1. Can you pull a Stokes-Einstein diffusion coefficient for chain A at 37 °C (0.692 mPa s), Rh from Kirkwood over Cα pairs, as a whole number of µm²/s?
2. Would you give the gap between the C-alpha center of the stretch B:13-54 and the C-alpha center of the stretch A:25-72, rounded to a whole Å?
3. When only Cα pairs under 8 Å and 6 or more residues apart are kept, what is the percent relative contact order across the stretch B:1-109?
4. Just give the residues from the stretch A:391-406 buried by at least 50 square angstrom of accessible area in the all-chains context relative to the isolated chain, probe 1.4 Å, and say none if nothing qualifies.
5. How much area per residue is accessible in the stretch A:78-156 when the probe is 1.4 Å and only protein heavy atoms are counted (Å²)?
6. Could you pull out every one of the lysines with an alpha carbon less than 28 Å from that of A:Lys74, ignoring same-chain neighbours closer than 8 positions?
7. Please list, or write none, the lysines whose alpha carbon is within less than 26 Å of the alpha carbon of B:Lys428, excluding same-chain residues fewer than 8 places away.
8. In percent, what relative contact order does chain A have, based on Cα pairs under 8 Å that are 6 or more apart in sequence?
Amino acid sequence: MIFQIELFIPELYLLALIGGLFVLTVGPQSWWRFLRYLPLAAGVGIGVAALSFQFSGLMLYGAYQVDGLSQFFKLAIFLGLAVTCLNALNQPTLSEEKRPDYFLFLCLSALGLMLLSSAVELVTIFLALELASYSLYALIPLRSKEPAAAEAGIKYILFGAVVTALAMYGLSYILGVHHTTYLSELMTKTWSWSEAPAALIGLTLFLGALFYKLALFPLHFWCPDVYEGASNETAAFVATLPKLGAVVVLVRLSTLLDPSMEVTMLLAVLAAVSMTFGNLSALVQNDLKRLLGYSSVSHAGYVMLGIVAGTAAGLAAAAFYAVVYLLMNLACFWVICRLSTDGRNLKLDDLNGLYQRSPGLALVLAVSAFALVGLPPTAGFMGKLFLLNSAWMEGYHWLVIIAVLNSAIAIYYYLNLVRHAYTREAPVTASGEVQAVPNPGLLWGGLLAAAVLWLGVAPATLFSFAQLAGAAAGGVLP
Amino acid sequence: MIDTGFPVLSALIFFPLLAAIGLFFLRDERTIRLYTLVVGLIEMGLAAPLFRFDLSTAEFQFVEIMPWVPAWNMHYHVGVDGISILMIFLTVLLLPLCVLCSWTYIGKRVKEFHFCLLLMIGACVGIFSALDFVLFYIFWEAMLIPMFLLIAVWGGPNKRYASLKFFIYTLAGSTLFLAAIVAFFVNTGTFSIPELMTHEYSFRFQFWTFLAMALAFAIKVPMFPFHTWLPAAHVEAPTAGSVLLASILLKMGTYGFLRFCLPLTPAASEYFAPLMITISIVSILYGGAIALGQRDMKKLIAYSSVAHMGFVTLGIFVFTMRGVEGAIMQMINHGITTGALFMLVGAIYERSHSREIADNMGLGKYLPAYMFFFGLFAIASFGFPGTNGFVSEALVLIGVFEASYLLGALAIPGVMLAAAYMLRLGLKLAWGQPSQAATWKDLNIREWVYLAPLAVLVLYLGLMPTLALKTINPSVVHLLNQYESRKTLHLESSLQPEPPVQSIQLSATRGTDQ
C-alpha cells in the first residue's frame with residue numbers, strides 16, 4: 001500500500017498545526033495572540049495519537065510503518081510538545097517578533113521525531129532525523145543578548161554535521177555490503193565481525209548519529225554546553241523530545257542486534273561508561289542545566305540496558321523508561337523555567353530556600369529529583385527496575401551491578417537539589433521579606449509531578465502499552 | 001488464615017498517608033497537632049483487629065493479595081506472622097507518642113513535620129507487612145525521604161552533614177539489595193516472598209545474594225564497621241526522629257535478616273554465621289565501650305543502640321530457638337526502652353537546652369518523676385530483672401550458651417558494660433553536682449501521658465512475657481525448622497554445579513524470534 005490516510009492522522013494533525021503556525025509567521029502581529037492556544041492544540045494531539053492506536057500497517061513502499069511502537073512514541077511526543085509549548089509560552093529571553101517562528105521550528109522538530117518513530121528504512125530514518133535536527137539548529141541560538149547561545153548553536157551544528165556525515169558514510173557501507181536499507185531485510189543478514197566487517201563498521205557509524213542525539217558517551221560532550229547556552233525553555237525541549245526519537249530508532253535497530261554480537265557488547269560497555277561518566281561529572285556541577293545535562297548522559301546509559309537486552313520485555317522497558325524520563329525531566333525543567341523569571345541560567349544556590357518562596361515548586365522539584373535518582377515510590381524506580389530485570393535476564397549481571405551502584409553516586413547531586421530547596425534559607429530582600437516566586441504555574445508542574453508519582457505506584461497500564469510497543473518492535477512486518 | 005473481610009494491613013498503611021494529605025487543609029498549628037494526634041489514635045484503633053491474630057500457626061495472616069504489574073508478576077501482597085506483628089504494634093503505638101513528644105519541641109514548619117511523621121509511619125507498617133519483594137523495597141527506600149527531611153529540616157546545628165551521611169550511607173547500602181531482588185526474580189519468576197521461600201538456590205547464588213542483602217541490613221542495624229552514620233543522625237535528629245530511628249528503623253535491618261537471609265539463603269547464612277557472630281560481638285563490646293566514654297546523652301544512647309542491636313544479630317545467627325526468640329523480643333524491647341530514653345532526653349533538652357550530661361546533673365531532687373522514668377528505662381535498657389530488657393537479653397544469652405560456651409563468655413562483658421554506662425549516666429543525672437535544675441519544672445501531664453504507656457509495657461513485658469513469646473513462637477519454630485532442613489539439603493545439592501541463571505537465559509524468549 002502506498003498511502004493510507006488513516007494511518008497518517010497524527011502526522012497530518014501536526015502538519016496542519018505547522019501550516020497554521022506558518023501563516024502566523026507571515027501574518028499580521030495581531031494574529032499572534034492565537035499562539036497561546038498552541039499548547040491546547042498540542043494537547044488535543046495527544047488525544048488524536050491515542051485514537052490512532054488501533055491502526056497498524058505499512059506504507060510508502062514499506063518504508064513507513066505504523067504499529068504499537070510508533071503510536072506509543074507519537075503519543076509521548078505530543079505530550080512532550082504540549083508541555084514544552086506551555087513552558088515556552090512566556091519565554092523571557094525570546095524577542096516578541098521571533099515568537100511564531102520559534103514555535104514553528106519547535107513543531108517541525110517534533111514532526112521530524114514523529115516521522116522517525118515510524119521509519120523502518122535507513123534513508124527514511126536519516127531524513128526524519130535531519131528534519132528533527134535542522135529545526136533544533138535554528139532553535140538553540142534563539143536567546144536574546146546571549147553570546148553563549150550562539151556558541152552553543154554553532155557547537156551543536158558543527159558536531160551534528162560531522163556525526164551526520166559519518167552516519168551517511170556508515171549507511172553507504174551497509175548498503176554496499178547488504179544491498180538493502182530496509183530493516184526487515186537487514187534483520188536476516190549477518191552482522192558479525194568475521195563475516196561482514198564492513199557492514200558492522202557501517203552499523204556502528206550509523207548508530208553514532210543516534211548516540212549523538214541520545215547524548216551517549218562518547219558522543220555526549222555537546223550536551224552540557226548546549227543546555228547551558230540555550231535558553232531554559234529550549235533546553236527543556238532539547239533534553240527530552242530528541243531522546244525519545246533516538247530511543248525509538250534504537251529500539252527498531254535492536255532487532256538487528258543479538259547478545260552474541262560484538263556490537264551489542266560495545267553498546268553494553270558504552271552504556272556502563274556513559275552512566276558512570278555522566279554521574280561522576282554531574283557531581284561537581286554548579287550550574288543546574290549543566291547538571292541536568294550530565295544527568296541525561298547517565299540516563300542515556302540506563303536506557304541502553306533495555307536496548308542491549310533486546311528482548312520484547314527489554315524494549316518495552318526502554319520505551320517505558322523513555323516516557324518516564326520525559327516526564328521527570330520536564331517536571332525538573334518546569335521548576336527551573338518558573339524560577340528563572342528573567343531567563344538567566346540558575347546556579348544551585350538559586351534554589352536556596354525554594355521551600356519558603358514556593359512550597360509547591362519545591363515539592364515538584366523534590367519529586368522529580370527523587371525520580372531521577374530512581375527512588376521509590378516514583379516512576380523513576382519502576383522504570384529502572386524493569387530495565388534491570390530485562391538486562392539481568394539476558395545475563396548482563398555486571399551491567400546491572402554497575403547500574404545500581406550508579407544510583408549511589410547519583411544520589412548525591414540530586415539530593416543536593418532537594419537540600420538546597422529545603423534546608424537552606426532563602427535570600428531576603430532589604431525589607432527582610434522572602435521573595436515569593438511569581439507565576440509558579442503550580443497546576444501544570446503539579447500535574448507532571450503527580451504523573452511521575454502515579455506511574456511509580458501504578459505502572460501497569462502504561463507498561464502494557466509499552467509492551468505492545470516492544471512486541472511490535474520485535475517483529476518488523478515483512 | 002483469618003479472613004475478616006476488612007483489609008486491616010492496607011488500612012494501617014494507607015490511612016496515615018491519606019491523613020497526611022488532609023494536613024494540607026489545616027492552618028493553625030494547634031489544630032495540626034491535635035489532628036495528627038487523633039489520626040494516631042484512630043490508627044491504633046484500626047490496629048485492633050490484629051488482636052485476632054491466631055497464635056497457633058506460623059502461616060501469614062491477614063493476607064491481602066492483588067495483581068499490581070502483571071507483566072512482571074508483581075503483586076500487592078501483604079500479611080503478618082509472629083515475627084512482624086509485634087513490630088507493627090510498636091510502630092502504630094509510637095505515632096501518637098511522637099506527636100505528643102514533639103508538641104513543644106517542634107516550633108517551625110509544624111505542618112510539614114507532621115506530614116513527614118505520617119508518611120514515616122505508613123511506610124514503616126508497609127515494610128513490616130510487605131510480602132512482595134518489590135513492595136518491600138519500595139517502602140524500604142521510600143521511608144528514607146521523610147526521615148531525611150526530619151533530620152535535615154528540624155535537626156540540630158550539624159544537620160546537613162548528618163542527614164546527608166544518613167541518606168547516602170543507607171541508600172548506597174541498599175543498591176546492591178535491589179540487584180539481589182532482580183536476581184531472585186530472574187531466577188524464579190516471582191517477587192512473592194512466601195513463594196521464594198519454597199525455591200531452591202545453588203550455593204553460589206546464595207553466597208552473592210546473601211552478601212548483597214546482608215550489606216543493606218547490616219548498615220541499617222547498624223553493625224560494627226557500618227555504624228558511623230548512627231551517632232551523627234541520632235544527635236542531630238529531633239526527638240521524634242530519634243525515637244523513630246531507634247525504635248523502628250534499626251529493627252528493619254534485623255527484620256531483614258530474619259525475613260530474607262535465613263529463609264531464602266539458608267546455606268549462605270550458615271556459611272557466613274561465624275562472620276556475622278564475630279561482627280555482632282564486636283558491635284556489642286565496641287558499642288558498649290564507646291558509650292562508656294560519651295558526654296553527650298544522645299550519643300551515649302546511640303552507641304548503646306549499636307551494642308543492643310549486636311545482641312539481636314547475635315541471637316539470630318546462633319540459630320537456636322531461644323536465641324532467635326530472644327532476638328525478636330530484644331527488637332521490641334530495645335524499641336520501647338531506647339525510644340523512651342530518647343523522649344526523656346528530648347524532655348530535659350527542652351528545659352536545659354543542652355544534651356551534655358554535665359549540664360543536666362542533679363535532677364533527683366528537683367525532678368523526681370522525671371528521674372523515676374529515667375531510672376526505670378535505664379535499668380530496663382541494661383536488662384535488670386523484672387524489666388523487659390532482662391527477658392530478651394537472658395533469652396539471647398541462653399541461646400548463645402546453648403550454641404557455644406565461648407561465645408556466651410564473650411557476650412557477657414557486653415552486659416556488664418551496659419550496666420556500667422547506664423548506671424553512670426543515671427548516677428550523674430540523679431545526684432551529680434553542680435546542679436542547675438532548681439528552677440526546672442517536673443514532668444507535666446503531656447509528658448506523663450507519653451511516657452506512661454511505655455513504662456507499663458516495660459513492666460508488662462518484663463513480668464509477663466508469655467503472650468508475646470506465644471505470639472512469636474510458632475513463626476520462630478517454623479523458621480528454624482525450615483532453616484535446619486534446607487541448609488543441609490543445600491550443602492548437598494550445591495555439590496552439583498548448575499547455576500540456575502543459565503537456564504533462564506536459555507528459556508527467555510528474544511524479541512527477535514517472534
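1. Details: Rh = 22.3 Å.
Once the numbers are plugged in, D ends up at 147 µm²/s.
2. Using only Cα atoms, the two centres lie 47 Å from each other.
3. Values: 89 pairs, mean separation 34.7, N = 109.
Relative contact order for the stretch B:1-109 comes out at 32 percent.
4. At a threshold of 50 Å² (probe 1.4 Å), the residues of the stretch A:391-406 that become less exposed are A:Trp392, A:Met393, A:Val404.
5. Working: 2450 Å² over 79 residues.
Per-residue value: 31 Å².
6. Answer for A:Lys74, where 28 Å is the Cα cut-off: A:Lys98, A:Lys213, A:Lys243, A:Lys289, A:Lys384, listed by chain and number.
7. Output for B:Lys428: B:Lys298, B:Lys299, B:Lys365, B:Lys441.
8. Details: 842 pairs, mean separation 73.2, N = 478.
With pairs under 8 Å counted, the relative contact order is 15 percent.
The values are calculated or read from the model by the stated rules, or taken from the named source; none is laboratory data. In this text, all values refer to a predicted model and were calculated from it rather than measured experimentally. In this analysis, Cβ positions are derived from the backbone assuming ideal geometry, glycine residues included, and neighbour counts consider all displayed protein chains. Note: areas computed on protein heavy atoms with side chains; ligands, DNA, RNA excluded. Shrake-Rupley method; radii C 1.70, N 1.55, O 1.52, S 1.80 Å.
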